[in-house]
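Just so you know, all these numbers are worked out from the coordinates, no wet-lab data involved. Everything numeric in this text was worked out from a predicted model, so none of it was measured. Positions of Cβ are backbone-derived with ideal geometry, glycine not excepted, and every protein chain shown enters the neighbour counts.
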Amino acid sequence: MSAFEALNCRVVGVSPDSVESHRKFGEKLGISFPLLSDPEHVFIEICGFWKRKKMYGKEYMGVERSTLLVNPAGIVERLFAGVKVAGHVEAVLQALKKATA
């Protein structure tokens, strides 16, 4: 977090989970950034993150884990879609450094 803060970047999470679920999740993992609840999928669907997914041969709708880098003017500078956790923070940090250079 300190590396992102040093670049004047705010981190925010969004999911369709409830506010209470986010509170418990944040406390359990010691998350220091806001977790926003979007139970009606308004933001999630506008961004195209609500997708058909498959697991064990079954199809269902769910959130595709993604990251947006948004500049101070509110313009999306970069989209990371379908991300995997391993190595992702570093990839976003490098893209942020490049965007702010």
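Per-structure values
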| quantity | calculated |
| --- | --- |
| Residue 60-residue 36 pseudo-label distance in nm [points 7 Å out on the Cα-to-Cβ vector] | 2.5 nm |
| Around residue 53: net Lys/Arg minus Asp/Glu count, Cβ-Cβ under 10 Å | +2 |
| Over the chain: helical MRE at 222 nm, DSSP H runs n ≥ 4 each giving -39500 (n - 2.57), nearest 500 | -9500 deg cm²/dmol |
| Positive-pole candidate from 69, 35, 8, dipole of the chain, charges at beta carbon | 69 |
| Normalised contact order of the chain, rounded percent, pairs of Cα under 8 Å and 6 or more residues apart | 19 percent |
| Gain on full stretching of the segment that runs from residue 99 to residue 24 - 0.36 nm per residue minus C-alpha separation | 23.6 nm |
| Neighbourhood charge, 15 Å Cβ-Cβ cut-off, centred on residue 80 and excluding it, Lys, Arg +1 and Asp, Glu -1 | +3 |
| Distant-in-sequence amide H partners of residue 78 (H built 1.01 Å from N, under 5 Å) | 69 |
| Qualifying chymotrypsin sites (Phe, Trp or Tyr not before Pro) in segment 2-73, DSSP loop, other Cβ atoms within 10 Å at most 16 | 56 |
| Distant-in-sequence amide H partners of residue 17 (H built 1.01 Å from N, under 5 Å) | 38 |
| Derived scalar couplings ³J(HN,Hα) [segment 74-89; Karplus, 6.51 cos²θ - 1.76 cosθ + 1.60; whole Hz; x for Gly, Pro] | x, 9, 6, 8, 7, 10, 10, 9, x, 6, 9, 4, 4, x, 5, 4 |
| Quarter of the Cα convex hull surface for the chain, i.e. its orientation-mean projected area (nm²) | 7.5 nm² |
